[in-house]
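Peer 1: I'd like to ask some things about the structure below.
The values are calculated or read from the model by the stated rules, or taken from the named source; none is laboratory data. These numbers were taken from a predicted model, which means no experiment stands behind them. Positions of Cβ are backbone-derived with ideal geometry, glycine not excepted, and every protein chain shown enters the neighbour counts.
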Amino acid sequence: MKVENKRWSLDKFKEMRKEVLQEWPTGEEVELEEAIRYHQQQLSSEQVMANRLAEAEQEKITLIQPRAGVALIEEHIELLEFLHTEGGADLLPTTIDSYTRQNNYQEAEAGIKESRNEGRSMLNGFPAVNHGVQSCRQVIEALAVPVQVRHGTPDARLLAEITLAGGFTDFEGGGISYNIPYAKDVSIEQTIYHWQYVDRLVGYYEERGLKVNREPFGPLTGTLVPPSVSHSVAIIEALLAAEQGVKNITLGYGQCGNLIQDVAAIHTLKELGTEYLADYEDIMLTTVFHQWMGGFPQDEAQAFGVISWGAVTAALANATKVIVKTPHEALGVPTKEANAQGLRATKQVINMLKDQQSFNGEELATEKEMIKQETKEILDRVLELGDGDVAQGTIKAFEGGILDIPFAPSKYNAGNLLTARDNNGAVRFLKHGNLPFSEKVVDFHETKLEERGAAESREPNFQMVTDDIYAIGKGMLVGRP
């Protein structure tokens, strides 16, 4: 199998559909033309994610969205209604359970039965494949705002078929971002191929006049990931999606913690995305900022501090939306009340800052310049490796460590990067592995880390990395000795 970045023919797509829809009995419920009529006739404009994102872009406001999902339909609807009415969520999620993410539908079915017996969710998300098309429609019809599918699935083909037919208008993930940070033994070639199917499905809906938004998962491992690494992955996944006919794309980024670096990251993500997708017509690009994805303080008051800092950054960066954390982040699955608290805290900060979004200066300009240069050096090398084909270039780039994600479990990831914070808390490369950086970029990162080393009277090393990983959970940004 040679995976190339070329639009799939309808014949190729339909041939694979026969196999995909047979993976679990609910696949038989999917009838593509009927699903398209359902979107056209049953969904209001307000329930379509791309419409709401376009309005936010025009109005220059930042929308808020939680993560949430439980096993049973009625309880899931109740949870989402609570987060909308009590938490003030502008957009809603359906987070998929771990068994479904691994295509283990038999265990998900057992989890549904156990949840009914116990009277509470025994799964950490909503098993959409098991529930099927009509049950997904129950969820969509109960809610007045757009709902996104959030998961973490290397092979999301059947999940996409059922949820899109079920009325969802946004589907998260990609062949890199839902493989390398999540799976150990799944090849990049395989997941790019499977996600081309997902994107061709979305493209088919688009061809019929519908809007289905796609969102590559920006944070990756959520652990000291420099902006240029996550930007490169997001743009590659956007290019792969656009080739299959996707028109509405939300590029994501996970908070690193330094305000200037994070604002620069959101600005450059939109600018670079627009540049690299210039050959595709009618693409609507939006951005999503993920509040801190690393370790959280156990103390609720401290956790609200981390949440509020993420809200400040999202507002000042003018991200289209922000994915909100909860004050129970360090303790496990949050209650619906804690989830709503995180939403309300974020909404308060965003509302206070919505008229204060001018944020400029020399440091911001320098950060933007460096992020753009680093990202372009990575992406241009990927395209060179693939002779212009981003799919082939990506496969070869992972083989050679040209693309590399810090702290990822995948055996297809080189794992040569070490990252740490500089003296101001921005994430820098301690070791850049085989990333194709110029001398200017390498010197910039070395200088920044040497400044911190001098301030702390120690050499930048792995201990510094470890200190930084645990710092926010201990109430700091930079892991000082």
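Peer 1: Do you know which residues across region 183-210 are surrounded by fewer than 22 Cβ atoms within 10 Å (Cβ to Cβ) and of a type in the set (D, E, K, R)?
Peer 2: Correct list: LYS184, ASP185, GLU189, GLU206, GLU207, ARG208.
Peer 1: When you look at VAL465, is it part of a loop (DSSP other than H, G, I, E, B) and under 24 Å from VAL263 (Cα atoms), yes or no?
Peer 2: No.
Peer 1: Among all residue pairs at least 6 apart or on different chains, which show Cβ distances below 6 Å where the first residue, located in region 1-28, is outside the structural domain of ASP199 (by TED's automatic domain parsing) and the second is part of a helix (DSSP H, G or I) and among the aromatic types (Phe, Trp, Tyr)?
Peer 2: Close Cβ pairs (under 6 Å, with a partner that is part of a helix (DSSP H, G or I) and among the aromatic types (Phe, Trp, Tyr)) amount to VAL3/TYR193.
Peer 1: Scan region 50-82 residue by residue and report those that are of a type in the set (Val, Ile, Thr) and either assigned to a helix (DSSP H, G or I) or in contact (Cβ under 8 Å) with a residue 60 or more places away in the chain (or both).
Peer 2: ILE61, THR62, ILE64, ILE73, ILE77
Peer 1: Quick check on region 167-182. Is at least one of its residues surrounded by fewer than 24 Cβ atoms within 10 Å (Cβ to Cβ) and closer than 19 Å to GLU15 by Cα?
Peer 2: Looking for residues that are surrounded by fewer than 24 Cβ atoms within 10 Å (Cβ to Cβ) and closer than 19 Å to GLU15 by Cα, one finds none in region 167-182, hence no.
Peer 1: Here is a follow-up. How many of the residues making up region 36-49 are crowded, with 16+ Cβ neighbours inside 10 Å, part of a helix (DSSP H, G or I) and in contact with a Gly (Cβ under 9 Å, 6 or more places away or on another chain)?
Peer 2: So the answer is 4.
Peer 1: Working only within region 320-340, note down all residues that are in a loop (DSSP other than H, G, I, E, B), in contact with a strand residue (DSSP E or B) (Cβ under 7 Å, 6 or more places away or on another chain) and farther than 15 Å from CYS256 by Cα.
Peer 2: If the condition is that a residue be in a loop (DSSP other than H, G, I, E, B), in contact with a strand residue (DSSP E or B) (Cβ under 7 Å, 6 or more places away or on another chain) and farther than 15 Å from CYS256 by Cα, then THR320 is the only one that fits.
Peer 1: Considering only residues that are within 16 Å of ILE192 (Cα to Cα) and not in a helix (DSSP H, G or I), which ones fall in region 1-27?
Peer 2: Residues satisfying the conditions are MET1, LYS2, VAL3, GLU4, ASN5, LYS6, ARG7, TRP8.
Peer 1: Pairs only if they're at least six apart or on different chains, beta carbon under 9 angstrom, first in region 108-126 and farther than 18 Å from CYS136 by Cβ, second polar (S, T, N, Q); list them, first residue then second.
Peer 2: Filtered contacts from region 108-126: MET122/SER115; ASN124/THR95; ASN124/SER98.
Peer 1: Anything in region 235-278 that is in a helix (DSSP H, G or I) and within 20 Å of LEU201 (Cβ to Cβ)? List them, or say none.
Peer 2: If the condition is that a residue be in a helix (DSSP H, G or I) and within 20 Å of LEU201 (Cβ to Cβ), then ILE236, GLU237, ALA238, LEU239, LEU240, ALA241, ALA242, GLU243 are the ones that fit.
Peer 1: Could you tell me which residue of region 313-334 is farthest from GLY88 (Cα to Cα), considering only residues that are surrounded by fewer than 23 Cβ atoms within 10 Å (Cβ to Cβ) and touching a helix residue (DSSP H, G or I) at 6+ places or on another chain (Cβ under 6 Å)?
Peer 2: It comes out as LEU316.
Peer 1: Where the second residue is buried (at least 19 other Cβ atoms within 10 Å of the Cβ) and part of a loop (DSSP other than H, G, I, E, B) and the first is at positive phi and touching a residue at least 24 places away in the same chain (Cβ under 8 Å) and lies in region 383-411, which pairs have Cβ atoms under 7 Å and are six or more apart or on separate chains?
Peer 2: That search, which allows pairs on different chains as well, returns GLY401/ALA414; PHE407/THR221; PHE407/THR223.
Peer 1: Then there's this: Return yes or no: is ALA414 assigned to a loop (DSSP other than H, G, I, E, B) and of a type outside the set (D, E, K, R)?
Peer 2: In short, yes.
Peer 1: Follow-up question, since we're still on this one. Just to be sure before I move on: is GLU281 out of contact with any helix residue (DSSP H, G or I) (no Cβ under 6 Å at 6 or more places or on another chain), surrounded by fewer than 23 Cβ atoms within 10 Å (Cβ to Cβ) and part of a helix (DSSP H, G or I) in the structure I sent?
Peer 2: no
Peer 1: Give the residue, chosen from GLU243, GLU237, that is surrounded by 24 or more Cβ atoms within 10 Å (Cβ to Cβ), in contact (Cβ under 8 Å) with a residue 24 or more places away in the chain and acidic (Asp, Glu).
Peer 2: Matching residue, one of GLU243, GLU237: GLU237.
Peer 1: Follow-up. So if I check each of GLU189, GLU207, GLU161, which one is under 22 Å from ASN416 (Cα atoms) and of a type in the set (Asp, Glu)?
Peer 2: Values: GLU207 fails: under 22 Å from ASN416 (Cα atoms); GLU161 fails: under 22 Å from ASN416 (Cα atoms).
Checking each option against the conditions leaves just GLU189.
Peer 1: What are the residues in region 49-77 that are closer than 26 Å to SER98 by Cα, of a type outside the set (Asp, Glu) and more than 18 Å from the chain's Cα centre (by Cα), if any?
Peer 2: If we filter region 49-77 for residues that are closer than 26 Å to SER98 by Cα, which is where we start, we get 49, 64-77.
Add one more test, that the residue is of a type outside the set (Asp, Glu), and what stays is 49, 64-73, 76-77.
Selection gives VAL70, ALA71, LEU72, ILE73, HIS76, ILE77.
Peer 1: For region 83-119, enumerate the residues that are farther than 16 Å from ILE73 by Cα and part of a helix (DSSP H, G or I).
Peer 2: Result: HIS84, THR85, SER98, TYR99, ARG101, TYR105, GLN106, GLU107.
Peer 1: Further question: Would a scan of region 80-99 turn up a residue that is surrounded by 19 or more Cβ atoms within 10 Å (Cβ to Cβ), more than 26 Å from VAL322 (Cα to Cα) and modelled with pLDDT of 95 or more?
Peer 2: Yes, the conditions are met somewhere in region 80-99.
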